[in-house]
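Step one of this worksheet: look at the structure below.
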Amino acid sequence: MTTPARDPWWLAGVAATALAVGLAELLAWVTGPVGAPLTAVGGVIVDAVPAPVKDAAIALFGTADKLVLLLVMALGLMAAGAGIGAAQRGNRPMGTVLLGVLGLLGLLAVFTRAGSSPADAVPVVVGTAAGALFLRVLTRRAAPQSGPGGLDRRGFVRLSAAVAVLGAAAGTAGRWAGSAAARIPAARELLRIPAPAVRETIPPGTDVGVAGVEPWLTPAEDFYRIDTALAVPRIDVADWRLRIHGMVDRELSLGFEDLTARPLLERAVTLACVSNTVGGDLVGNAVWTGVPVRELLAEAGPHADADMVLSTSEDGFTAGTPLEALTDPGRDSLLAVTMNGEPLPFEHGYPVRMVVPGLYGYVSATKWVVDLEVTRFDLDEGYWTPRGWSARGPIKMSSRIEVPRARATVDGGGTVLAGTAWAQPVGIAAVQVSVDGGDWQDAELGAVSSDDTWRQWVLRRPDLQAGEHTARVRAVDKGGAVQTEEEAPPAPDGATGLHERTFTVR
Ligand SMILES: Nc1nc2c(c(=O)[nH]1)N[C@H]1C(S)=C(S)[C@@H](COP(=O)(O)O)O[C@H]1N2
Ligand SMILES: [Mo]
């Protein structure tokens, strides 16, 4: 059986090829840029072209040289598609076979690229299969004996043209989205942020050296993450701007380089989430560098009757921070650009976030921050305030037992209790432990670089007898306040109560 000669099979071939390549480009947006066939084949061409030809192309087309290469490849693919269509007309499975060969060449190109993995085959394989399926469907329905469901010449042309346009649109969308998605992580890797003008001195002994206690400095990948973002914003530093406005004498607008050209301050600060329960893990300590917010506010000149700064993120989250927490010379509130020595991870606010010692994250730690509006608590409110959380959120003093683990069995004679306590920005003066309702005993404290971080503690109790024991912990801050044992849930302004652990001594 041959297909009717009246139909423009070259168009069907172009459509099948456009569908195959376009779908593959779209899928590569999901699976990663290495699997994009046009990029891979383009890379092979660029690698193969001799230097003088490359130089001539750049001289001729300038920065449009890549666009020209893409257009040339698109024209080449259309020619190949016309050939595939012609082959399908004359000798039915031949076009499908040629499309398969084209797909195989695409795959070979993908696997010559650096960093390719088996998953990068998916876009080309699925795209080629879709193109082949289209050819098969068209071949069946264009056959004269296919009956009522059959295609006449007009239907054949319409369907082919529609699929060709669909393929081209998918490819364009995939390349556009893929280039944006790949460019920004690459820019983050290459970002050079000046060294801080003022460094934090971290003394030895911040870690008390007990296995099982959270490290004093939390690695970024283990740092708790809380936000309302369904998709993590990916902001191009070149596009980032911060506007400072509202009740100020002078509005300010800064780009990323305007910000990092200022002297950067390095500070270790422990962040905590208001949703953290007593003994919970929505708390972490990192070293941040950034520009003190008070310096920018001083330039803007807040009005005397302002008492709040509403910070807004790129994705619309807002936090209302007391103005005095940002202008207080004794509290280094930062517009932070690094976390533990690296540009902020995307999840933690790249390229710029707020870090305010002593306030829960929901009223201060805006990630992906783009706007600071000086205002008043009686005029504006942050995202969580109308949702049942207090407008002001100072962090409540807390402490937890990390060792022994819950219901652990420990060897007698060497019982060690250890954990972490925090009371930023006042600072921890003492941590006390009571076992089985006995006297409160002072634990040994780890070193800290300031009062804005948590502090490790350890208490050795070799005297504990075999059997089950329950320990409770409480902190005392440098103002003399003792952590309350009164229990409160996280809402509306932070949990209270004492953490306890039950364990067995063998
Ligand atoms: N843009 C934005 N920033 C935000 C939030 C958010 O939902 N969106 N959540 C806040 C809350 S509730 C907390 S506890 C901290 C958590 O910061 P982290 O995810 O870096 O640990 O970010 C704050 N900043
Ligand atoms: Mo939070």
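Per-structure values
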{"read-out": "Charge dipole of the range 369-498 about the Cα centre (unit charges at C-beta), most positive-ward option of Thr375, Pro425, Gly446", "value": "Gly446"}
{"read-out": "In Å, descending, principal axis extents of the Cα set of the chain", "value": "97, 65, 51"}
{"read-out": "Three-way shape call for the range 220-387 based on the alpha-carbon gyration tensor, with the a/c threshold at 1.5", "value": "rounded"}
{"read-out": "Additional length obtainable on full extension of the chain from Asp380 to Val165, 0.36 nm per residue less Cα span", "value": "72.5 nm"}
{"read-out": "Accessible area in the full protein assembly, largest first, 1.4 Å probe, for Leu372, Leu191, Leu230", "value": "Leu230, Leu191, Leu372"}
{"read-out": "Anisotropy class of the range 168-262 from Cα gyration tensor, a/c 1.5 cut", "value": "oblate"}
{"read-out": "Percent of beta bridges antiparallel (DSSP, the chain, rounded to nearest 5)", "value": "90"}
{"read-out": "Net length gained if the chain between Ala408 and Ala59 were fully extended (0.36 nm per residue, minus Cα distance)", "value": "118.5 nm"}
{"read-out": "Listed peptides 199-210, 301-312 by packing density, highest first (mean Cβ within 10 Å)", "value": "301-312, 199-210"}
{"read-out": "Residue-level accessible surface for Asp239, protein heavy atoms, 1.4 Å, Å²", "value": "110"}
{"read-out": "Accessible carbon and sulfur surface of the range 4-183 relative to its total accessible area, %, 1.4 Å", "value": "75"}
{"read-out": "Rounded percent of accessible protein surface that carbon and sulfur make up, the range 220-387, 1.4 Å probe", "value": "47"}
{"read-out": "Rounded Å value of the spacing that divides the Cα centres of the range 432-493 and the range 196-243", "value": "25"}
{"read-out": "Neighbour cut-off at most 14 other Cβ (10 Å), DSSP loop, trypsin sites (Lys or Arg not before Pro), the range 302-406", "value": "Arg405"}
{"read-out": "Helical contribution to [θ] at 222 nm, DSSP H n ≥ 4, -39,500 (n - 2.57), averaged over the chain, rounded to 500", "value": "-11000 deg cm²/dmol"}
{"read-out": "Sum of side-chain charges, Val53 neighbourhood, beta-carbon under 13 Å (Lys, Arg +1; Asp, Glu -1)", "value": "-2"}
{"read-out": "Shape category assigned to the range 429-487 from the gyration tensor of Cα positions, a/c cut at 1.5", "value": "oblate"}
{"read-out": "Cβ-derived FRET efficiency at R0 41 Å, Ala491 paired with Ala180, nearest 0.05", "value": "0.60"}
{"read-out": "Among Thr172, Trp216, Ala161 the positive-end extreme of the charge dipole of the range 96-225 (Cβ point charges)", "value": "Ala161"}
{"read-out": "Estimated FRET transfer efficiency when R0 is 51 angstrom, pair Ala48-Arg141 (beta carbons, to 0.05)", "value": "0.80"}
{"read-out": "Accessible-area composition of the range 398-505, carbon plus sulfur, in percent [1.4 Å probe]", "value": "44"}
{"read-out": "Options Val14, Met73, Ala28, ranked by Cα towards positive dipole end of the range 12-105, top entry (Cβ charges)", "value": "Val14"}
{"read-out": "At R0 = 56 Å, FRET efficiency that the Cβ-Cβ distance of Arg192 and Arg506 yields, to 0.05", "value": "0.55"}
{"read-out": "For the chain: accessible area per residue (Å², 1.4 Å)", "value": "46"}
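The values are calculated or read from the model by the stated rules, or taken from the named source; none is laboratory data. Fair warning: this is a prediction, and the values are worked out from it, not measured in the lab. Every residue, glycine as well, gets a Cβ built from its backbone with ideal geometry; the counts of neighbours run over all protein chains shown. The area values use the complete protein model at the heavy-atom level, side chains included, leaving out ligands, DNA and RNA. Shrake-Rupley method; radii C 1.70, N 1.55, O 1.52, S 1.80 Å.
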